[in-house]
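The values are calculated or read from the model by the stated rules, or taken from the named source; none is laboratory data. Keep in mind that what you see is a predicted model, and the values were worked out from it rather than measured. FYI the Cβ positions are ideal-geometry reconstructions off the backbone, even for glycines, and counts take in every protein chain you see. Accessible surface is based on the protein model in full, side chains and every heavy atom, while ligands, DNA and RNA are left aside. Shrake-Rupley method; radii C 1.70, N 1.55, O 1.52, S 1.80 Å.
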Amino acid sequence: MAQSTVVPDLAAIAAEKGIRFFLISFTDLFGAQRAKLVPAAAITGMQKNGAGFAGFAANFVLSPADPDLVAVPDVSTLIQLPWKPEVGWLASDLKMHGTLIEQGPRNTLKRMVERANAAGFSVKTGVECEFFLLTPDGREISDGHDDASKPCYDASALMRRYDIIAEICDAMQSLGWEPYQNDHEDANGQFEMNWIFDDALVTADRHVFFKFMARSIAEKHGLRATFMPKPFMHLTGTGCHAHISLWNGDKNVCFDAKDALGLSQRGYHFVGGLIHHADALCAFLNPTVNSYKRINAPRTVSGATWSPNSVTYSGDNRTHMIRVPGKGRFEMRLPDGAANPYLLQASILAAGLDGIERKIDPGKPLDINMYTEGHKVKNAKKLPLNLLDALRALEADDDLREIMGADVINPYLQLKTAEWNAHCGHLSEWERAATIDC
């Protein structure tokens, strides 16, 4: 007989930990975090019934006439805000009339995880979160002395922002995320913080919270943190490289010690899926008009963009869209800082699963420097030049629509196409090239 699972009581947790309020939060299709602040005295009802929202007011394809979008908190995600411990943060699943809605990004990732589980494996992922620390108005980097042409790993610039970086890292340690390194990145004013990989849903929840935490702690110190893909044309853009591995218990099912890249046949098929769907994936992994300033960028002051412009893969080589550093792990270097944390994971998993299910051949890896020799590769697909091209690729990708669900793909396309038209649809190509937001 199956044993029932006892769900922890949030009211009791609040009394024990001194939590006065709960942030019941969810992430909409654009990756924006929405929330209601609920007093601990009212949390019992919210835990049972969820918090109601007008879905039309967020980025969903819903109308003012639709019933409430109900955010049902997942108690396992509870985080007591390290910088304000009297508040507890909760990720939520979105329902309408008691049924999970497919538009919900977290719901979408959970469907993809279930699909992977049905195929006999679990998914472990990690993300490399890059961000800029800017002045409060967001117009320039916060440190006027951070002006080296090769600023990556600059110890002095890193230590001048020690108070912020250390507070964020201490918070991650207190939460059990096991952070293991923090560095100054390749652009002036840019930083990266890393924590250990975990199940895909856990990583996505932490990714959402990390962005909220980084912004909050930066504001506490009088600065602004931004994950904008390309805030400055002459500097390296903000990536969010994703690492993926597939497991059956303690066995990495994509690892083959006898293979030159350390990949099993299933691993190559996963890569094949990513390559096959790459142009459509851009709609999720590079989701803003500004994103295409990063992946199709000219050389920056540091000498390299560190972002792909072609659909290729290699071994331990950072100039390709997919890097395979060995032992059955993939690094997808395409995503940027604007990607929705849930749809980032869900779309990569959907494409990789399709590759496995249809045994898609990725072709031979390329062991060249794509920044200097990429022009010699004649048969590699190029990434979309703008958001509109990526959206058109997603619209034409029937396989990805079938796997992820039409009820999330179609609303996403509708909203993102409207965004493109509002920002850049009226501009000429020359005007778009000259505008940072387009």
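List of remarks:
- For segment 318-323, backbone phi angles converted through the Karplus equation (6.51, -1.76, 1.60; θ = phi - 60°) give residue-by-residue couplings of 7, 8, 10, 5, 10, 10 Hz, Gly and Pro being listed as x.
- Here, segment 266-377 has an Rg and a Dmax of 13.7, 43 Å when only alpha carbons are counted.
- Chymotrypsin sites (Phe, Trp or Tyr not before Pro) restricted to DSSP loop in segment 1-91 with at most 15 other C-beta within 10 Å: 83
- Low-density loop positions, trypsin sites (Lys or Arg not before Pro), segment 1-82 - DSSP coil, at most 15 other Cβ in 10 Å: 20
- ³J(HN,Hα), Karplus 6.51/-1.76/1.60, whole Hz, each residue of segment 174-180, x for Gly, Pro: 5, 8, x, 7, 6, x, 10
- Within the accessible area of segment 203-276 (1.4 Å probe), percent carbon and sulfur: 51
- With K and R counted +1 and D and E -1, the other residues having a Cβ less than 14 Å from that of residue 76 yield a net charge of -3.
- For the chain, a Gaussian network of Cα nodes joined below 10 Å ranks 163, 407, 183 by mean-square fluctuation, and the top entry is 163.
- Accessible area in square angstrom per residue, the chain, 1.4 angstrom probe: 43
- For residue 211, the lysines whose Cα falls under 27 Å of its own Cα, not counting residues fewer than eight places away in the same chain, are 17, 36, 84, 95, 110, 124, 150, 220, 230, 293, 416.
- Of the trypsin sites (Lys or Arg not before Pro) in segment 293-388, the ones in a loop by DSSP (not H, G, I, E or B) with at most 11 other beta carbons within 10 Å are 299, 378.
- Solvent-accessible area of residue 178, all protein chains in place: 110 Å² (probe radius 1.4 Å, heavy atoms, ligands and nucleic acids excluded).
- Most fluctuating residue given options 214, 260, 187, as computed from a GNM of the chain linking Cα atoms under 10 Å: 260
- Alpha-carbon centroids, segment 224-283 and segment 400-419: separation in whole Å: 22
- If you take all other residues with their beta carbon under 14 Å from the beta carbon of residue 357, and give Lys and Arg +1 and Asp and Glu -1, the sum is 0.
- The structure shown yields mean projected area of the Cα convex hull in nm², and of the options (i) 33.2; (ii) 24.8; (iii) 22.4 that calculated value carries the label (iii).
- Residue 213 accessible area, assembled protein chains, probe 1.4 Å, Å²: 0
- Hz values of 3J(HN,Hα) by residue in segment 190-197 - Karplus curve (6.51, -1.76, 1.60), Gly and Pro given as x: 10, 9, 9, 10, 10, 10, 5, 6
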